[in-house]
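Colleague: Just dropping this structure here.
The values are calculated or read from the model by the stated rules, or taken from the named source; none is laboratory data. Just so it is clear, the model here is predicted, and its values are computed rather than measured. Every residue, glycine as well, gets a Cβ built from its backbone with ideal geometry; the counts of neighbours run over all protein chains shown. When the accessible area is computed, the model is the full protein with side chains, heavy atoms only, and any ligands, DNA or RNA have been set aside. Shrake-Rupley method; radii C 1.70, N 1.55, O 1.52, S 1.80 Å.
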Amino acid sequence: QVHLVESGGGSVQAGGSLKLSCRVSGYTYNSYSMGWFRQAPGKEREGVAGLRSGGGGEYYADSAKGRFTISQDNAKNTVYLQMNNLKPEDTAMYYCAVGPYGLDLLLQADEYHYWGQGTQVTVSS
C-alpha cells in the first residue's frame, strides 16, 4: 500500500520561509513522478512544483518560480518543497503526490495516483 506522510506546514509572516516534507512508502517502482500541489478555499487544486526520478529538471508554476524549490532525498524516500519569500496568496492546503514516471503533465493533479493528507500553510501580511 502506498502511503505519503507530509509535515512542515504552519503559519508564517509574509517574506518568511517554510520547508515541507513528504515521506513516501510502499511505492516500489524505480522510476516515478512527484509533485506538490495546493488548494485554497473555493479554488481548484493547482500544481506548484514537480520532478521525475531520473532528473531532467524541475518544473514550477509561474507563481512559484524563483521562490520555491522541489528536491528529493532518495535515501529517506522523501521529497521536499522549500518555500521562500512567502506571500499571503500562497496560503492553502499543500499536498504531495506520486505517480508513474511517464506522466505527460507533472503539474496536472488528475494525472497522479497517490496523495498525501495535506498540510496547511498560512501566510499573514
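Colleague: Do you know which of the residues in region 12-48 that are under 22 Å from residue 88 (Cα atoms) and of a type in the set (Val, Ile, Thr) is most open to solvent (accessible area, probe 1.4 Å)?
Modeller: 12
Colleague: Another question, if that's okay. From the list 98, 123, 79, which one is open to solvent by less than 30 Å² (accessible area, probe 1.4 Å), touching a Lys or Arg at 6+ places or on another chain (Cβ under 7 Å) and not basic (Lys, Arg)?
Modeller: The unique qualifying residue is 123.
Colleague: Looking at region 1-11, which of its residues are open to solvent by 50 Å² or more (accessible area, probe 1.4 Å) and among the aliphatic types (A, V, I, L, M)?
Modeller: The answer is 5, and nothing else.
Colleague: Working only within region 35-54, note down all residues that are modelled with pLDDT of 95 or more and in a strand (DSSP E or B).
Modeller: 35, 36, 37, 38, 39, 46, 47, 48, 49, 50
Colleague: Out of all the residues in region 1-44, which are closer than 20 Å to residue 103 by Cβ and aliphatic (A, V, I, L, M)?
Modeller: Hits for region 1-44 are 2, 4, 24, 34.
Colleague: Among 57, 66, which is the only one that is assigned to a loop (DSSP other than H, G, I, E, B) and either buried (at least 17 other Cβ atoms within 10 Å of the Cβ) or at pLDDT 95 or above (or both)?
Modeller: Exactly one residue qualifies, and that residue is 66.
Colleague: To continue, here is another question. Quick one: count up the residues across region 84-105 that are assigned to a strand (DSSP E or B) and touching a helix residue (DSSP H, G or I) at 6+ places or on another chain (Cβ under 7 Å).
Modeller: 1
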